[in-house]
Every structure is written in C-alpha cells, then in structure tokens.
Amino acid sequence: MDLWTLLTFTLAYGIAVLVPGPGVAAVVARALGGGFGGAFPMVLGILAGDMVYFIFAVFGLAAIATYLGPVFTLVRWAGAAYLLYIAYKFWTAAPGAEQMKPRSEASFKTFLAGFSLTMGNPKTIVFYLAILPTVIPLDQMNPLAFAELTAIVIVVLMIVGCGYALLAAAARDLFKSEPALRRLNKTAGVMMASAAGLVLWQH
C-alpha cells in the first residue's frame, strides 16, 4: 500500500485512540490503582478487541457485525459489570501498593475486561466499520497491505495505551502516604465506574 495511504490511516487511527473514551478511562484507572503492571493486560485486551473489528472491516464482514449486534450488547453489559466490580475493589481497597498488585488470574480477567470494553465501544465500531473503508481502499487489500495495517494498529495502540498507563502509574508513585493512597484508590474506583457508565451511555 502506498505511503500516503498508510500515513493517512496512521493519523486517523492515532487520533481515534488518543481521544479519551471508556478505554482510556479504564486504563488510567487501572494504572492508578495497580500500577503499570495492573493496566498492561487491559491494554492488550483493548488491542485484541481492536484487531477483531479490524479483521471484520478488512475482510468485508461489516454486515456480520451488524447481525451480531445482540451478541455485542451482551458483551457490552458484561464488560461494564466487570468494570464496576473493579471500581468497587479499588474503592474498598486498603491503602498500600501491595493491595493492588495484580495476580496472574486477575491479569486474565483484566484482559477480558479490556476486550469486552472494546467490543462494546461504539467509537471503535464506527471507526473500523465506517471510517476505515473511506481511508483504506479495501478492494486493493493483499497480504502485504494487511500486514502493514496490522503493524500500524498494534504499534499505535500499544504506544498510546502504554503511554497513558505509564503516566498514570507515575502519578501514583508520587503518593506514598496512606491517606494519599486511599484517595488515589478511590479516584481510580470513580474513574473505572465512569468508564463502565460511558460504555453503556455511548450505546
């Protein structure tokens, strides 16, 4: 695919990812509550959800995504419910970083939360199933072009998602006292609950 098309897609996708939404709010909240390690699985889950929609769009499966609307609605509600559960855990957590360290099983649940968040995010649906075809000539798609676009999606989302997580984790490290950590955990809980609300409200 020509360089101009790739640059246009990179710019459009970069803006879509940078604009704060449920995904950004959830990643920041997770990083505030559990550091970068606690947020990284969520970034991977969001990436996995993005790749599902990307593949749908590239291979002309927009119609299938439309017919599967009820399934995505269930995914949206399940993801919002889990985000509310995480918000409750943050709100009630005792102060101290050791309370929020992610366990291996929690990491997988966090990954699923990020995945379901993306699958139920209307902004993602609109970008991949409506905007993407106007930026990329899908009728000219070939294996090399698909690999190029896939690399752009992975690199851009990982840079932006991890960037948000690192900034939020760094902000957490500035607070060392128990009262400050308690306030930080409650802030993370409010942000996570807000992310759940955005998932439902945007629909």
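The values are calculated or read from the model by the stated rules, or taken from the named source; none is laboratory data. A quick note: this is a predicted structure, and the numbers were derived from the prediction, not measured. Cβ placement follows ideal geometry from the backbone for every residue including glycine, while neighbour counts extend to all protein chains displayed. Note: accessible area is taken over every heavy atom of the protein model, side chains too, but ligands, DNA and RNA are not part of it. Shrake-Rupley method; radii C 1.70, N 1.55, O 1.52, S 1.80 Å.
With respect to the stated conditions, I152 fails to be in a helix (DSSP H, G or I), open to solvent by 60 Å² or more (accessible area, probe 1.4 Å) and at pLDDT 75 or above.
So that you can scan it fast, the table gives a plain yes or no per residue for (1) at pLDDT 70 or above; (2) within 21 Å of L138 (Cα to Cα); (3) in contact with a strand residue (DSSP E or B) (Cβ under 7 Å, 6 or more places away or on another chain):
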residue	(1), (2), (3)
Y53	yes, yes, no
V58	yes, yes, no
L61	no, yes, no
F72	no, no, no
V75	no, no, no
A80	no, no, no
A97	no, no, no
M100	no, no, no
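Scanning the range 15-36 for residues that are surrounded by fewer than 16 Cβ atoms within 10 Å (Cβ to Cβ) and either among the β-branched types (V, I, T) or at pLDDT 85 or above (or both) turns up I15, V19.
Of these, T124, T134, T187, T110, which one is touching a Ser or Thr at 6+ places or on another chain (Cβ under 6 Å), in a helix (DSSP H, G or I) and either closer than 22 Å to L32 by Cα or modelled with pLDDT under 80 (or both)? Give the derivation first.
Working: T134 fails: touching a Ser or Thr at 6+ places or on another chain (Cβ under 6 Å); T187 fails: touching a Ser or Thr at 6+ places or on another chain (Cβ under 6 Å); T110 fails: touching a Ser or Thr at 6+ places or on another chain (Cβ under 6 Å).
Within the list T124, T134, T187, T110, the selection yields T124.
Of all residues in the range 165-174, those being at pLDDT below 90 and open to solvent by 20 Å² or more (accessible area, probe 1.4 Å) number 5.
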